[in-house]
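Enquirer: Quick one: the structure is below, questions incoming.
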Amino acid sequence: ASEEMKSEILPGLARGESIGAWALTEPHCGSDAAALKTSARRTERGWVLNGSKMFITNGSCADWVLVTARTDPDAGHLGVTSFLVKAGTPGFAAGASLEKMGCRGSPTSALHFEDCEIPHEWLVGGEGAGFLQAMKTLEFGRIGMAAFGVGIAQAALDEALQYSKERSAFGKAIIRFQPVHFKLADMRIAVDGARILAMRAAWLHGRGECPQALFSAAKLLATETAVRCTDLAVQIHGGYGYMAEYRVERLYRDARLGPIGEGTSEIQRRLIAQETLAMF
């Protein structure tokens with residue numbers, strides 16, 4: 001963005017005084033980002049946005065939203081541009097927070113734009129650059145989701161380990177039974193493997209390297225590990241694992257977002273396969 005926009009917006013975001021959101025997904029398209037329909041029409045005074053977004057993190061409480069919109073309907077992914085929209089701008093409305101299975105501490109909502117007029121200077125990064133920006137954002141987001149998966153998987157292991165040491169059956173702690181401690185061993189192996197791959201992805205990204213397949217692999221492995229580990233943790237807890245009173249019930253619900261958000265597991269496998277096949 002321009003230096004003026006950066007100086008106006010970034011300090012408040014960095015200090016936590018304002019909240020940002022990124023609006024890519026639409027009601028009719030998630031994985032197929034190039035199929036978005038939200039439009040931006042140039043006028044003498046700026047741009048006019050029309051369309052809707054769905055499943056937007058922080059959408060209901062954001063002060064600023066970075067919106068991807070189509071500026072050229074005939075240019076495919078090269079016809080997508082990013083715009084900043086400020087909360088309270090006429091024609092912009094955020095829906096109420098959606099009821100979700102998990103991750104309820106993170107508000108998610110729909111966004112609506114109806115003849116929403118914004119100034120020229122709120123265009124970010126050049127006309128037609130929006131799709132590439134989105135792909136770069138998802139690339140970094142996959143590393144974040146890998147960390148999300150590792151954290152939940154580790155929490156599930158911690159909870160299962162503590163519970164299995166405290167819970168007794170047939171005169172001894174259940175951790176002493178092979179079916180339980182084998183589950184714990186499998187969880188530890190999976191968590192450590194996911195953590196190593198996630199840290200490698202973050203390290204390479206920090207060096208300016210962009211191995212797309214590795215980023216996808218880190219996200220895929222970590223988030224699917226979280227699902228497996230929370231499932232095992234619930235099983236170790238038995239009936240108590242199904243009760244909202246115990247933390248593993250929440251972890252089980254939260255983990256399920258991982259294989260969906262920031263590109264589904266299916267998309268990650270597709271990206272990994274494409275890069276692998278290109279090597280031969």
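The values are calculated or read from the model by the stated rules, or taken from the named source; none is laboratory data. Here the structure is a predicted model, which means the values were calculated and not measured. Heads up, the Cβs are rebuilt from the backbone with ideal geometry, glycines too, and the neighbour counts pull from every protein chain shown. Remember, those area values only see protein heavy atoms, side chains included, never the ligands or the DNA or RNA. Shrake-Rupley method; radii C 1.70, N 1.55, O 1.52, S 1.80 Å.
Enquirer: Is there a residue being of a type in the set (Ser, Thr, Tyr) and loosely packed, with under 14 Cβ neighbours inside 10 Å anywhere in the stretch 147-165?
Expert: no
Enquirer: Let me ask something else about it. Which pairs do you get when a residue that is within 17 Å of Ile267 (Cβ to Cβ), found in the stretch 207-227, comes within reach of a residue that is open to solvent by less than 30 Å² (accessible area, probe 1.4 Å) and part of a loop (DSSP other than H, G, I, E, B), reach meaning Cβ atoms under 6 angstrom, with the pair 6+ apart or on two chains?
Expert: From residues that are within 17 Å of Ile267 (Cβ to Cβ), the pairs are Thr223/Gly258; Thr223/Pro259; Glu224/Pro259.
Enquirer: Scan the stretch 190-233 residue by residue and report those that are in a helix (DSSP H, G or I), modelled with pLDDT under 95 and of a type in the set (Gly, Ala, Ser).
Expert: Result: Gly206, Ala213.
Enquirer: Filter the stretch 62-87 down to the residues that are at pLDDT 95 or above and either open to solvent by 40 Å² or more (accessible area, probe 1.4 Å) or aromatic (Phe, Trp, Tyr) (or both) and list them by number.
Expert: Answer for the stretch 62-87, where residues must be at pLDDT 95 or above and either open to solvent by 40 Å² or more (accessible area, probe 1.4 Å) or aromatic (Phe, Trp, Tyr) (or both): Asp63, Trp64, Leu66, Phe83, Lys86, Ala87.
Enquirer: Of all residues in the stretch 25-42 being over 16 Å from His112 (Cβ atoms) and small (Gly, Ala, Ser), which is surrounded by the most Cβ atoms within 10 Å (Cβ to Cβ)?
Expert: Only one residue tops the list, namely Ala33.
Enquirer: Here is a follow-up. What do you reckon, is Arg45 open to solvent by 50 Å² or more (accessible area, probe 1.4 Å), over 23 Å from Ser109 (Cα atoms) and at pLDDT 95 or above?
Expert: Taking the combined requirement at face value, the residue does not satisfy it.
Enquirer: Among (1) of a type in the set (A, V, I, L, M); (2) open to solvent by less than 20 Å² (accessible area, probe 1.4 Å); (3) within 30 Å of Glu275 (Cα to Cα), where does Ile189 come up short?
Expert: Going through the list (1) of a type in the set (A, V, I, L, M); (2) open to solvent by less than 20 Å² (accessible area, probe 1.4 Å); (3) within 30 Å of Glu275 (Cα to Cα), Ile189 breaks only (2).
Enquirer: Tell me which strands (runs of 3 or more DSSP E) are completely within the stretch 38-134 and hold 2 or more residues being on the phi < 0 side of the Ramachandran plot and of a type in the set (Ser, Thr, Tyr), or say none if there are none.
Expert: The strands (runs of 3 or more DSSP E) meeting that bar are 46-57, 80-86, 108-119.
Enquirer: When the stretch 248-266 is examined, which residues are found to be buried (at least 19 other Cβ atoms within 10 Å of the Cβ) and either in a helix (DSSP H, G or I) or among the acidic types (Asp, Glu) (or both)?
Expert: Matches in the stretch 248-266: Val248, Glu249, Leu251, Tyr252, Asp254, Ala255, Glu262.
Enquirer: Within the set of pairs 6 or more residues apart or between chains, which connect a residue that is more than 15 Å from Ile189 (Cβ to Cβ) and in contact (Cβ under 8 Å) with a residue 24 or more places away in the chain inside the stretch 150-164 to a residue that is open to solvent by 40 Å² or more (accessible area, probe 1.4 Å) and of a type in the set (D, E, K, R) with Cβ atoms less than 8 Å apart?
Expert: Listed pairs, sorted by first residue: Ala155/Arg247; Glu159/Arg247.
Enquirer: Mind listing whichever residues of the stretch 1-24 are touching a residue at least 12 places away in the same chain (Cβ under 8 Å), surrounded by 13 or more Cβ atoms within 10 Å (Cβ to Cβ) and assigned to a helix (DSSP H, G or I)?
Expert: Once the filter is applied, which keeps residues that are touching a residue at least 12 places away in the same chain (Cβ under 8 Å), surrounded by 13 or more Cβ atoms within 10 Å (Cβ to Cβ) and assigned to a helix (DSSP H, G or I), the stretch 1-24 yields Met5, Ile9, Gly12, Leu13.
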